[in-house]
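Working notes, beginning with the structure itself.
FYI, it's all coordinate maths here, none of it is from the lab. Here the structure is a predicted model, which is why all the values come from computation and not from measurement. FYI the Cβ positions are ideal-geometry reconstructions off the backbone, even for glycines, and counts take in every protein chain you see.
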Amino acid sequence: DTVRQVTEPDAPPIPTRWSTVERLVAAGIRVGIAAAPLMPVRDAAAFARRAKASGASSAWAGRVSLLPQDPFYALLREKGWLHILDSAYAEGVRNAFAAVFPRPRGRCRKPCRNHPPKRSLQCRPRQ
């Protein structure tokens with residue numbers, strides 16, 4: 001919660017966010033976790049496991065892109081968090097999410113031209 005206190009002090013604490021996810025899931029609402037912009041995470045695998053344990057059905061991570069002139073860049077440098085700008089960092093978090101939220105194989109991610117909604121999502125061209 002240290003990162004939240006520094007970057008968004010008026011936002012709800014992280015434990016409150018996790019309990020909100022749990023309450024929504026308990027109410028039958030499907031919840032996805034969006035880590036965007038992606039902030040520093042001590043242990044990406046533990047973060048992904050916590051997201052799964054909360055009942056979330058999916059998770060994704062967005063990348064942070066800043067110019068050195070951006071005031072937030074100075075804050076990241078001051079706190080020793082510039083590593084979050086590295087694409088390898090975002091990829092590591094995405095891989096941690098993928099390990100606990102695997103995507104089904106052999107299916108379209110969303111309805112496409114060959115498979116409109118309410119049709120089979122198996123990826124085969126129409127005959």
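In this simple spin-label model, placing a label point 7 Å from the Cα along the Cα-to-Cβ direction at both residue 46 and residue 103 gives a separation of 2.9 nm.
Here the gap between residue 53 and residue 23, fully extended at 0.36 nm per residue and compared with their Cα-Cα distance, gives a gain of 9.6 nm. Phi angles across the stretch 11-27 convert, under the Karplus curve 6.51 cos²θ - 1.76 cosθ + 1.60 with θ = phi - 60°, into 3J(HN,Hα) values of 7, x, x, 4, x, 5, 5, 4, 5, 5, 4, 4, 5, 5, 4, 4, 7 Hz, Gly and Pro given as x. In order along the stretch 59-72, the phi-based Karplus estimate (6.51 cos²θ - 1.76 cosθ + 1.60, θ = phi - 60°) of 3J(HN,Hα) comes to 7, 8, 10, x, 9, 9, 10, 9, 8, x, 6, 5, x, 5 Hz; Gly and Pro are listed as x. Would you mind counting up the charge near residue 92? Only other residues with Cβ under 11 Å from its Cβ, with Lys and Arg at +1 and Asp and Glu at -1. So the environment of residue 92 carries a net charge of -2.
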